[in-house]
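We did not get these values from a lab; they are worked out from the coordinates using the rules stated. Computed from a prediction, not measured in an experiment: that's the story for all the values here. All Cβ positions, even for glycine, are placed from backbone atoms using ideal geometry, and neighbour counts span all protein chains on display.
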Amino acid sequence: MNGEIKPLYDKECTCMACNQTFVTKRLRTRFVKVKKIHSNFFTEYKIPSLNPSYYEVSVCPYCGFASTEMFSSTFPVGTKEAIKDQFSLWQRQEFGGERTPSDAIRTMKLGLISASLKKEKSIVIAGLCLRLAWLYRGTSNHKEEERYLAQALKYYRDSYQHADYIGTQMTDMRILYLIAELLRKLGNQAEAIRYFSEVIHHKNRALEANLVEMAREQWYIMRQDIKEVDNH
């Protein structure tokens with residue numbers, strides 16, 4: 001008997017849409033080794049294949065509906081019918097084994113489609129878009145990375161406007177920082193500076209000092225870049 005603990009373990013799930021049970025994989029946290037966390041929270045791992053995002057989305061092999069632990073347990077009126085219609089041509093596919101980068105992208109897209117059809121909160125959809133952008137970054141597909149960064153920005157802004165992130169792990173300051181960082185990444189320097197300033201001067205800044213420091217650093221770099229452009 002081999003007592004070696006492996007990185008992946010089986011997790012039994014019940015599909016929220018069709019109630020069928022299936023098994024998916026999850027990654028044990030002890031095997032997640034971070035190499036570097038970037039300014040927009042994009043995380044590089046020492047072993048790229050042991051990326052928790054690869055296994056974040058559970059895909060029902062029977063009906064195609066895909067979800068994460070961020071999904072709400074209820075379905076707004078009419079959404080189950082819309083999901084059933086969207087996946088009516090679904091042919092059984094298994095994502096319950098070890099996943100490649102391509103598998104991870106496909107499962108994240110299925111999660112995004114399912115979240116949109118289910119009318120999940122903007123904060124949930126934003127998170128899926130951001131992770132999808134990161135997965136594309138990992139495959140050096142910069143066009144698709146930028147596309148989903150723009151989608152993430154749209155949904156984070158909507159989430160902030162309607163405060164639908166309240167009750168999640170997302171804070172006021174963190175969502176403002178993410179909006180600023182996405183604006184910066186997409187080339188909108190002036191607006192990014194404004195959002196970074198909101199983080200720096202936020203009433204809760206003492207509670208998230210690291211975030212304030214990150215915002216201050218980005219704000220300073222961009223101000224210097226703008227000055228250099230103006231001086232030429």
Original post:
Got at least one residue in the stretch 17-31 being among the aliphatic types (A, V, I, L, M), under 17 Å from Ala115 (Cβ atoms), in a strand (DSSP E or B) and touching a helix residue (DSSP H, G or I) at 6+ places or on another chain (Cβ under 9 Å)?
Top reply: no
**OP:** Please go through the stretch 40-58 and pick out each residue that is surrounded by 15 or more Cβ atoms within 10 Å (Cβ to Cβ) and outside any strand (DSSP E or B).
**Re:** Asn40, Phe42, Leu50, Asn51, Pro52, Ser53, Tyr54, Tyr55, Glu56, Val57
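Any residue that is out of contact with any strand residue (DSSP E or B) (no Cβ under 9 Å at 6 or more places or on another chain) and under 28 Å from Pro48 (Cα atoms) - is there at least one of those in the stretch 190-209?
Of all residues in the stretch 190-209, those out of contact with any strand residue (DSSP E or B) (no Cβ under 9 Å at 6 or more places or on another chain) come to 190-209.
Among the residues that remain, those that are also under 28 Å from Pro48 (Cα atoms) are: none.
No; the residues of the stretch 190-209 include none that is out of contact with any strand residue (DSSP E or B) (no Cβ under 9 Å at 6 or more places or on another chain) and under 28 Å from Pro48 (Cα atoms).
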**OP:** Tell me which of these Arg223 doesn't satisfy, since it passes every other one: (1) farther than 17 Å from His38 by Cα; (2) touching a Phe, Trp or Tyr at 6+ places or on another chain (Cβ under 6 Å).
**Re:** (2)
Subject >> Failed item in (1) closer than 23 Å to Arg147 by Cβ; (2) in a helix (DSSP H, G or I), with Gly187 passing the rest >> reply: (2)
**OP:** Among the residues of the stretch 68-97, count how many are more than 22 Å from the chain's Cα centre (by Cα) and without any contact (Cβ under 8 Å) to a residue 24 or more places away in the chain.
**Re:** 7
Original post:
When the stretch 33-62 is examined, which residues are found to be touching a Ser or Thr at 6+ places or on another chain (Cβ under 6 Å) and touching a residue at least 24 places away in the same chain (Cβ under 8 Å)?
Top reply: Glu56, Val57, Ser58, Val59
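Residues that are hydroxyl-bearing (Ser, Thr, Tyr) and surrounded by fewer than 18 Cβ atoms within 10 Å (Cβ to Cβ): list the helices (runs of 4 or more DSSP H) wholly contained in the stretch 101-184 that include at least 1 such residues. I'd like the intermediate steps shown before the answer.
Values: elements: 101-117, 122-138, 142-162.
The qualifying helices (runs of 4 or more DSSP H) are 101-117.
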Original post:
Can you find even one residue in the stretch 220-231 that is part of a helix (DSSP H, G or I), surrounded by 12 or more Cβ atoms within 10 Å (Cβ to Cβ) and within 16 Å of the chain's Cα centre (by Cα)?
Top reply: no
Subject >> Residues being aromatic (Phe, Trp, Tyr) and free of Cβ contacts under 8 Å to residues at least 24 places away in the same chain - total across the stretch 1-32 >> reply: 1
Subject >> Failed condition for Phe65, given (1) closer than 18 Å to Leu128 by Cα; (2) without any contact (Cβ under 8 Å) to a residue 12 or more places away in the chain >> reply: (2)
**OP:** Would you please name the residue that is nearest to Phe41 (Cα to Cα), looking only at residues in the stretch 195-209 that are of a type outside the set (A, V, I, L, M, F, W, C) and surrounded by 14 or more Cβ atoms within 10 Å (Cβ to Cβ)?
**Re:** Glu208
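Being in contact with a helix residue (DSSP H, G or I) (Cβ under 9 Å, 6 or more places away or on another chain) and within 24 Å of Tyr9 (Cα to Cα): is that true of Ser67 here? Lay out the reasoning, then the answer.
Values: in contact with a helix residue (DSSP H, G or I) (Cβ under 9 Å, 6 or more places away or on another chain): yes; within 24 Å of Tyr9 (Cα to Cα): yes.
Spelling it out, Ser67 is indeed in contact with a helix residue (DSSP H, G or I) (Cβ under 9 Å, 6 or more places away or on another chain) and within 24 Å of Tyr9 (Cα to Cα).
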Subject >> Residues located in the stretch 1-16, provided they are surrounded by 15 or more Cβ atoms within 10 Å (Cβ to Cβ) and either in contact with a helix residue (DSSP H, G or I) (Cβ under 6 Å, 6 or more places away or on another chain) or of a type in the set (Phe, Trp, Tyr) (or both) >> reply: Pro7
Subject >> Test: Val212 is of a type in the set (A, V, I, L, M), surrounded by 15 or more Cβ atoms within 10 Å (Cβ to Cβ) and over 21 Å from the mean Cα position of the chain (by Cα) >> reply: yes
